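Below is one structure, written out as structure tokens, with a few remarks after it.
What follows draws every value from the coordinates through simple rules; no lab data is involved. These figures come from a predicted structure and were not determined experimentally. With ideal geometry, Cβ positions are generated from the backbone for all residues, glycine too; neighbour counts draw on all protein chains shown.
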Amino acid sequence: MTAVILAGGRGRRMGGADKGLLEWRGRPLVAHLVEAVAPQVEQLLINANRNRADYERFGLPVVADSLEGFQGPLAGILAAMEITETPFLLTLPCDVPRVPDDLVQRLYEALESSDAEVAVAHDGSRLQPAHALLRTSLKPVLERDLAAGERRLTGWLQGRKMVTVDFSDHPGAFINLNRPEDRAALESVRDGQ
């Protein structure tokens, strides 16, 4: 299984900051993700379209979108699929540093038991589409849909055979640092939540 940390966006709501490199608890957000996810997968990649050298310091393969112009997370997922040889790809947003230690296991079990194409985390209130496990056999479908103009991650996932996985027992695991004011919400959650 391969995981990709999606850090290829423009960071518009953070004033153009490269969110994966923003510091939280003294380390870049991406460092927290690497630490949490690496034990759960065989291979870990970072999708980044800016500051490549900063991401390469983590000692992981860094892949840029093959499509020009910051076309969103689907473009980052395709870039990862283009170099992935494993049958499964876990996707993670770069701005959510609290990854459950059983994320991969629960997504994989749901995917396999339902014979779905994608398994997506649900926090009990809403779908978390960037926390997904996909079969890499979807690559031709993703290429076709991107070529046809699809850019919405949620819409694309919902067009696949999808299973949702309940993570309501981890209520703070999906709080992201999307805007400057989100830092307080992220800090308010206890570890392990």
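Considering the options Val165, Pro97, Gly72, tell which one lies farthest towards the positive end of the dipole of the stretch 2-188, charges being +1 on Lys and Arg and -1 on Asp and Glu at the Cβ, about the Cα centre.
Farthest towards the positive pole: Gly72.
If you take every residue apart from Leu21 with its C-beta less than 13 Å away from the C-beta of Leu21, what net charge results, scoring Lys and Arg +1 and Asp and Glu -1? Don't skip to the end; give the middle numbers.
On the way: positive: Lys19, Arg27, Arg50, Arg52, Arg57; negative: Asp18, Glu23, Asp54, Glu56, Asp95.
Summing Lys and Arg as +1 and Asp and Glu as -1 gives 0.
How far, in nm, would the chain grow between Asn51 and Ala147 when pulled straight, counting 0.36 nm per residue and subtracting the alpha carbon separation? The partial results should precede the final answer.
On the way: separation 96, 0.36 × 96 = 34.56 nm, distance 2.65 nm.
Answer, rounded to one decimal: 31.9 nm.
Could you order peptides 72-85, 18-31 by the average number of other Cβ atoms within 10 Å of their residues, highest first?
On the way: 72-85: 20.9, 18-31: 18.2.
So the peptides 72-85, 18-31, ranked by packing, come out 72-85, 18-31.
Rounded to the nearest 500, what is the chain's calculated 222 nm mean residue ellipticity when only DSSP H runs of at least 4 contribute -39500 (n - 2.57) each, over all residues? Working shown, then result.
Details: 7 runs with 59 residues, N = 193.
Calculated from helices alone, the mean residue ellipticity at 222 nm is -8500 deg cm²/dmol.
Output wanted: per-residue J couplings in Hz (rounded whole) for the stretch 18-31, from phi through Karplus 6.51 cos²θ - 1.76 cosθ + 1.60, θ = phi - 60°, x for Gly and Pro.
7, 4, x, 9, 5, 8, 9, 6, x, 9, x, 3, 4, 5
Percent antiparallel among DSSP beta bridges with both residues in the stretch 2-188, to the nearest 5? Mind dumping the intermediate values first?
Values: 11 of 29 bridges.
Antiparallel bridges: around 40 percent, rounded to the nearest 5.
Show me 97-103, 113-119, 123-129 ranked by packing, highest mean number of other Cβ atoms within 10 Å first. Don't skip to the end; give the middle numbers.
Details: 97-103: 19.7, 113-119: 16.9, 123-129: 15.3.
Descending mean neighbour count gives 97-103, 113-119, 123-129.
Evaluate the relative contact order of the chain (contact order divided by residue number), counting alpha-carbon pairs under 8 angstrom at least 6 apart; express in whole percent.
Working: 359 pairs, mean separation 44.8, N = 193.
RCO, the chain: 23 percent.
Could you work out the local net charge near Leu138, counting Lys and Arg as +1, Asp and Glu as -1, over the other residues with Cβ closer than 12 Å to its Cβ? Don't jump to the answer; show the numbers that get you there.
Working: positive: Arg135, Lys139, Arg144, Arg160, Lys161; negative: Glu117, Glu143, Asp145.
Local charge sum for Leu138: +2.
If you average the sequence gap of Cα pairs under 8 Å that are 6 or more apart and divide by the length of the stretch 93-160, what percent do you get for the contact order? Each step should come with its number before you reach the end.
Details: 46 pairs, mean separation 17.2, N = 68.
That works out to 25 percent.
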